[in-house]
1. For the chain, set up a Gaussian network in which alpha carbons nearer than 10 Å are linked by springs, and say which option among Phe21, Phe56, Phe120 fluctuates the most.
2. Most mobile of Arg189, Arg147, Arg156 per a Gaussian network model of the chain (Cα springs, under 10 Å)?
3. If the chain were replaced by its equivalent ellipsoid, with semi-axes equal to the square roots of 5 times the Cα gyration tensor eigenvalues, what would those be, largest first, whole Å?
4. Excluding ligands, DNA and RNA, what is the solvent-accessible area per residue of segment 124-200 at a probe of 1.4 Å, expressed in Å²?
5. Return a whole-number percent for the relative contact order of segment 1-95, with Cα pairs under 8 Å and 6 or more residues apart as the contact set.
6. What accessible surface, in Å², does a 1.4 Å probe find on Arg49, ignoring ligands, DNA and RNA and rounding to the nearest 10?
7. Taking the solvent-accessible surface of protein heavy atoms with a 1.4 Å probe, what is the per residue accessible area of segment 73-114 in Å²?
8. In 5 Å bins starting at 0, how do the alpha-carbon pair distances of segment 133-233 split up by percent?
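The values are calculated or read from the model by the stated rules, or taken from the named source; none is laboratory data. Everything numeric here is computed off the predicted structure, so don't read it as measured data. Quick reminder, even Gly has a Cβ in these numbers, built from the backbone with ideal geometry, and neighbours come from all protein chains shown. We work out accessible area using only protein heavy atoms, side chains counted, and drop any ligands, DNA or RNA first. Shrake-Rupley method; radii C 1.70, N 1.55, O 1.52, S 1.80 Å.
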Amino acid sequence: MEQQGMTAPSNPRVLILYYSFSGQTTGLLHHLGLGLKNQGIDVTVEKVRPQDPPRFPVGAILPTLAMMVTTTLRQRLPIKEPDPAVWADYDLLILAGPTWSYNPSGPILDLIDRYGPRLFRNRQVLPLISCRGYWRLHWWGLRILLRRCGAQVTNRIIFSHPAPEPWRTIGVFLKIAGRAPERSRLIGRYYKRFGHSKEQLAEAELLGEMLGAALAKHQPLAELNLQSLIASP
Ligand SMILES: Cc1cc2nc3c(=O)[nH]c(=O)nc-3n(C[C@H](O)[C@H](O)[C@H](O)COP(=O)(O)O)c2cc1C
């Protein structure tokens, strides 16, 4: 029988708020979310939606070069108002997205500009970065922006593409431009696939389980080693 004045302890709640241009962050989050749910975590997933979403692939070399320039200048991509679900109470907010020219992507920069203090103040925030390999400036700048908004940034999850250089950089550029480098006779010898590997997706699920178990036990997240061991940054 339920006792008066007592409520059943609810499961820890996690909000995953993300932007993904070419699907890589989406894939990682799908698996991370499975791991969290396996540990009994309530997971809410919300997309950051640009008002005028850039199309992937961009489709040609020149507009791809132009995108590299505007992203280097940290151009904001204006977003739509977030779903009201983001304002609910959560034990953890995972803010996820790609690196764009050593920075957070345009939609995430706009999210922070417009809603940062309201969204992040006094919240525990765990950034997840999907990149081809060059994430340090992104991480450093993002942490400063989030802390300025009043967030507690206690850890990070970073996934780099496992392909070797210089093929990784050439491959990502050509893929964004709309080519299929993995099928090219020359580049395809060294560049087998764009983005994260199946092993990394499996690893994301394990990290989700680790994170979920820690949240369920109220263990501080700063103590966890959440780093990907594959293509270790
Ligand atoms: C405009 C643009 C700039 C990028 N700049 C970087 C970069 O500076 N460092 C890096 O490691 N990856 C960079 N990348 C690669 C992406 O971070 C990487 O492909 C990521 O996995 C994409 O995630 P998404 O599919 O969720 O958008 C860039 C991609 C784009 C589209």
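1. Result for the chain, Cα springs under 10 Å: Phe56 fluctuates most.
2. For the chain, modelled as a Gaussian network with Cα springs under 10 Å, the answer is Arg189.
3. Working: eigenvalues 214, 87, 44 Å².
With the √(5λ) rule applied to the chain, the semi-axes are 33, 21, 15 Å.
4. Details: 3820 Å² over 77 residues.
With all protein chains present, segment 124-200 gives 50 Å² per residue.
5. Numbers: 94 pairs, mean separation 40.4, N = 95.
Relative contact order comes out at 43 percent.
6. Surface accessible to solvent at Arg49 totals approximately 110 Å².
7. Numbers: 1810 Å² over 42 residues.
For segment 73-114, the per-residue accessible area is 43 Å².
8. Cα pair-distance distribution for segment 133-233, in percent: 2, 12, 17, 16, 17, 14, 10, 7, 4, 1, 0.
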